[in-house]
Amino acid sequence: MNLDDQVTVINGVGDVVASKLAKLGIRTVGDLIDHYPRKYDDFTNVTRISQLHPGMVTVKVVIKHAKSRYARRGLNITEAVASDETGSVRLIWFNQPYRADSIDNKKEYFVRGEFQLRSQRLSITNPSVELVSDFPIHSARIVPTYRATKGLKSTQLRKIIANLLPNIAKLDETLPEWVVKEQNLVSHSRALEKLHFPDENDDIELAKSRLGFEEVFQISLASLLNKYENASHNSVSIEFDEVKAQNFVASLPFKLTNSQRKVVWQIYNDLQNTQPMNRLVEGDVGSGKTVVACMAALMVMNVGFQVAIMAPTEILARQHAETMTTLLSPMNMSDKVGLLLGSMTQQQKQNALSTLSDGRTGLIIGTSALIQESVSMNNLALVVIDEQHRFGVDQRKKIVSKAGTMPHVLSMTATPIPRSLALVIYGEMDISVMSDLPRGKQVVKTELVSPNSTDKMYDSLSKQIEEGRQVFIVCPMIDENNSESYDSVIATYETLRVGKLVKYKVGLLHGKLKSDQKEKVMNDFSKGKTQVLITTTVIEVGIDIPNATVIVVLSPERFGLAQIHQLRGRVGRGAHKGYCYLVLSDSNQPSRRLRALVENHSGFDLAELDLEIRGPGAIYGTAQHGVIDLRIANLSDVKMIEAAKNAAQQFIEKKEKLVKYPELQRNVSNLRKVTNLN
């Protein structure tokens, strides 16, 4: 049996079961082995009947007098008597008539269920029953529970995977022997055996330590191989013009922060090399990443090469174009800035493509419209990918491929990434962190609001609007959903515009609107024609309305900490103080996560907390990375992560051959495709 074999080669798996497994993403033997338990129940304590107490219990018994009968309304009741050397107890099942015929009164069983008082008699209700053996699966052990699907219970998955244990025991080692020995790890096969069927709790931790290390090792090795391959390419060297840089800085209406100066200098040094830059700039909300990108673009355009900036939304792309046109105006380069969006007219697109292909446009800003086949760039030398995690891998590769030779790549994100997560996901990139905010940037005051205490909040909103300020109200969903009680943007808009906000001009914005509708709504809000914008998270990134001072987030429990921090960064961007109100969906005690938003205003600190509480997906939507799999690794364990990265570095330095480790080779190859921009 091979890992790539279809699941139908396993005993007990026919076409019907295989179709149900496919709904869980399980098609091969390897997929099934990698379907890890989601939790465990400890049923190792087998109790004598005379010592039973109410609650979940496991007993080792002989079962006799099993009888089935029908009660009123068609209810079937099966009863039996279970006995050990200390006494007897009644067993009762509802609507399981097959139990009476399936029990052999000459054999011993492990019986697991809830011991409780029913009809004034103590009994074990709806218990599971398993023949006593040296290797029980469902009872008298630490029992794994798996993610299941309709028609396929966890008990069935447990049985199928138990049938695979002899095959798991024969699996080859996936790491070099020296790595396993130096890191004091259990073998790959033993880790999988004990993850699925541990004998004791320590087995689970040993298995997770091994498999978590392996996950990080694989990603680290893929990243390092990509980094070395990237370094083997040649890019154009962009000469640094100190006078040009000084003149640009002198023309700015504000003073650069120390972080901005440091990061710009790192970028300028990268650009002077013929080795392609592959740098990620992490900057908290309002840290001034746009100016940094503009200074990078300035130096490239100064020597006659082109720059492409790809933004995730048309709103943000337009905003970047306006900002950079203004910033480059004193340098007489504003006419070099172009814009390309999917919503533009055919004539507008044709004009943009024409000036781009003949080199008249030196800086093109756009959305994924930039990666269309019709887009031809004369001599592209720098690609800037804003909020790069919002783009798929293929999209990022396509924009890079627009250059004749490998361009320099600068990625930016306003979502602070915890150090441990950055070490894993961005191993092939150089990372710059912008931790300080521009002088005068005010902290947004954040308050938690009970759903029964919103009147005071609306009074505050009204006061701000009367003083000429503007307000965002953010909802977690677009349409009403009968199965959910969360606020929808459409229902909130319809309610508030004739209710609490009837005196004001209210706008509606969400992802299902057409591009021209979105643009009109944002223009009206930007120009002050509307005073309140009721919206979804489409305003999360980059929207800059200096006059907006209040943001209300409805049902904040539905959002990650980093996301709410991004949202509140939309206000307080001008001369007036910003306020953020988090309106809870119920009157229960707010969670630790939400309380942290009131007390902490650092995106980096909040990202670390979100990682600790909710895992990597909450910070960064890890699923967007395709096959990057961090199901086991503890990303708070920086020591383990650094050890895995060091081991990956040694693997390369020792000139180990991946071909010696087929599964490792396959996984690393897949990971390289996901992360590599080549």
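The values are calculated or read from the model by the stated rules, or taken from the named source; none is laboratory data. Small disclaimer: the values here were computed from a predicted structure and weren't measured. Cβ: placed from backbone, ideal geometry, glycine included. Neighbour counts: every protein chain shown. Areas reflect the complete protein model, heavy atoms only, side chains present, ligands, DNA and RNA absent. Shrake-Rupley method; radii C 1.70, N 1.55, O 1.52, S 1.80 Å.
Here's the picture: charge each Lys and Arg Cβ at +1 and each Asp and Glu Cβ at -1 in the chain, and of Thr367, Leu75, Met331 the one pushed furthest to the positive end of that dipole is Leu75. Excluding ligands, DNA and RNA, the accessible surface per residue across region 140-274 is 47 Å² with a 1.4 Å probe. Evaluated with a Cβ-only charge set (Lys, Arg +1; Asp, Glu -1), the chain carries a dipole of roughly 1500 debye about its Cα centre, given to the nearest 20. Remark on Asp41: its backbone amide H falls under 5 Å from those of Val143, Thr145, a criterion applied only to residues 5 or more positions apart or on other chains, H modelled at 1.01 Å from N.
3J(HN,Hα) along region 205-219: 5, 5, 5, 5, 4, 5, 6, x, 4, 5, 4, 5, 4, 5, 5 Hz, from the Karplus curve 6.51 cos²θ - 1.76 cosθ + 1.60 with θ = phi - 60°, whole Hz, x for Gly and Pro.
Straight-line cross-link partners of Lys170 among the aspartates and glutamates, defined as a Cα under 16 Å from its Cα and at least 8 positions apart when in the same chain: Asp4, Asp5, Asp34, Glu193, Glu663.
What FRET efficiency would be calculated for the residue pair Ala250, Thr149, taking the C-beta separation as r and a Förster radius of 56 Å, to the nearest 0.05?
0.30
What angle do you read, to the nearest 10 degrees and between 0 and 90, between the alpha-carbon axis of helix 603-614 and the longest principal axis of the chain? So the helix axis and the longest Cα principal axis differ by about 20 degrees.
Placing unit charges on each Cβ (+1 for Lys and Arg, -1 for Asp and Glu) gives the chain a dipole about its Cα centre, and among Tyr426, Pro476, Gly288 the Cα reaching farthest toward its positive end belongs to Pro476. Taking the accessible area of region 269-315, probe 1.4 Å, and keeping the other protein chains in place, the carbon and sulfur fraction comes to 42%. Could you give the angle, 0 to 90 degrees to the nearest 10, between helix 289-302's Cα long axis and the longest principal axis of the Cα atoms of the chain? So the helix axis and the longest Cα principal axis differ by about 50 degrees. Computed over neighbours whose Cβ is under 15 Å from that of Ser133, the net charge equals +1, Lys and Arg +1, Asp and Glu -1. Solvent-accessible area assigned to carbon and sulfur over region 26-66 amounts to 43 percent, based on a 1.4 Å probe. Relative protection proxy for 52-64, 543-555, from highest mean packing down: 543-555, 52-64 (other beta-carbon atoms within 10 angstrom). Ordering of 408-420, 425-437, 246-258 by packing is 408-420, 425-437, 246-258, highest average first (other Cβ atoms within 10 Å, averaged per residue). Relative contact order for region 236-309: 42 percent, from Cα pairs under 8 Å spaced at least 6 residues apart, divided by residue count. When the C-alpha to C-alpha distance is required to be over 32 Å, the pairs from Lys262/Lys527; Lys639/Lys660; Lys20/Lys660; Lys349/Lys512; Lys67/Lys153 that qualify are Lys262/Lys527; Lys20/Lys660.
Karplus-based coupling profile of region 446-458, in residue order and whole Hz: 10, 10, 8, 10, 5, x, 8, 10, 8, 4, 4, 5, 5, with θ = phi - 60° in 6.51 cos²θ - 1.76 cosθ + 1.60 and x standing for Gly or Pro.
Within the chain, what percent of beta bridges assigned by DSSP are antiparallel, to the nearest 5? Don't jump to the answer; show the numbers that get you there.
On the way: 38 of 94 bridges.
Here the antiparallel bridges make up roughly 40 percent for the chain.
In this rough spin-label picture, where each label sits 7 Å from Cα along the Cβ direction, the Glu173-Asp241 distance is 5.9 nm. Taken over the chain, the ratio of Cα radius of gyration to 2.2 N^0.38 Å equals 1.17. The residues packed around Met429, meaning those with a beta-carbon under 9 Å from its beta-carbon, carry a net charge of 0 if Lys and Arg are +1 and Asp and Glu are -1. Approximating the spin labels as points 7 Å out from Cα along Cα→Cβ, the Lys577-to-Glu466 distance works out to 1.8 nm.
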